[in-house]
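Just so it is clear, none of the values below were taken in a lab; they were calculated from the coordinates. Since we're looking at a predicted model, the values are computed, not measured. Positions of Cβ are backbone-derived with ideal geometry, glycine not excepted, and every protein chain shown enters the neighbour counts.
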Amino acid sequence: MRVAVYPGSFDPITYGHLDILKRGAAIFDKVIVAVLINSAKQPLFSVDERKQMIEESIKQANYKVPIEVDSFEGLLVDYLRNKDIHVILRGLRAISDFEYELQVASINRKLAKDVETIFLMTNNMHSFISSGSVKEIAKYGGDVTDLVPPHVVTALKEKSAIITP
Ligand code: PNS
């Protein structure tokens with residue numbers, strides 16, 4: 001069974017992430033979306049909120065293979081090792097992503113020689129979307145309906161008390 005872990009902050013999940021997930025699900029027999037628990041960062045959404053938004057997106061998308069949602073803390077390669085999984089799935093939006101992704105993939109390979117990182121190119125339609133820009137737009141009351149699913153738009157509005165400038 002070919003299983004891949006799709007790791008990220010997903011704060012919040014966007015149509016760009018969902019595009020990668022959809023195409024990953026067409027290649028692998030199972031994909032685990034793994035939300036990073038990073039105590040050093042100040043995310044807008046809690047890990048549980050992020051997981052719920054991902055679960056809801058998965059329910060709506062109706063994938064043909066199982067998609068699991070999980071969270072992890074610490075090194076990604078340790079998470080993979082514990083689950084005996086050998087593939088990391090990541091999306092590349094533009095050349096600007098490449099340097100960072102190359103660095104992370106190289107570190108992960110150094111830490112775990114039996115782990116491969118597979119990159120999928122984000123659909124051009126979504127290549128400009130990032131969770132950061134979604135939060136920025138929502139913060140200033142801009143329209144994010146083309147960038148994230150409706151339930152994420154609602155969640156962003158519910159957070160408006162926190163993110164309103
Ligand atoms: O969505 P993001 O923030 O670009 O995802 C980054 C992520 C979660 C893939 C990366 O930060 C990660 O794997 N962090 C876990 C810590 C780790 O394994 N670090 C070693 C590689 S630098």
Which of these, 127, 39, 71, has the largest mean-square fluctuation under a Gaussian network model of the chain (Cα springs below 10 Å)? 39
Fluctuation leader among 110, 41, 51 - the chain, Gaussian network, Cα springs under 10 angstrom: 41
From the square roots a ≥ b ≥ c of the eigenvalues of the alpha-carbon gyration tensor of the chain, which class results: rounded (a/c under 1.5), prolate (a/b over b/c), or oblate? prolate
Which residue fluctuates most in the GNM of the chain (Cα springs below 10 Å): 37, 118, 95? 95
Tell me the angle of helix 47-61 to the major Cα principal axis of the chain, expressed in degrees between 0 and 90 and rounded to the nearest ten. 90
Does a label point 7 Å from the Cα of residue 116, set along Cα-to-beta-carbon, have any residues of the stretch 76-92 with amide nitrogen under 11 Å, and which are they? 86-88
Provide the FRET efficiency to the nearest 0.05 for the residue 157-residue 100 pair, computing r from the beta carbons and using R0 = 25 Å. 0.25
Taking the Cα atoms only, what angle lies between the long axis of helix 95-111 and the longest principal axis of the chain, rounded to 10 degrees? 40
Taking a ≥ b ≥ c as the square roots of the eigenvalues of the Cα gyration tensor of the stretch 92-165, is the shape rounded (a/c under 1.5), prolate (a/b larger than b/c) or oblate? prolate
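Summarise the long-distance tail of P(r) for the stretch 40-94 by giving the % of C-alpha pairs beyond 18 Å.
So the portion of pairs separated by more than 18 Å is 53 percent.
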So what is the relative contact order of the chain, in percent, for Cα pairs below 8 Å that sit 6 or more residues apart? 28
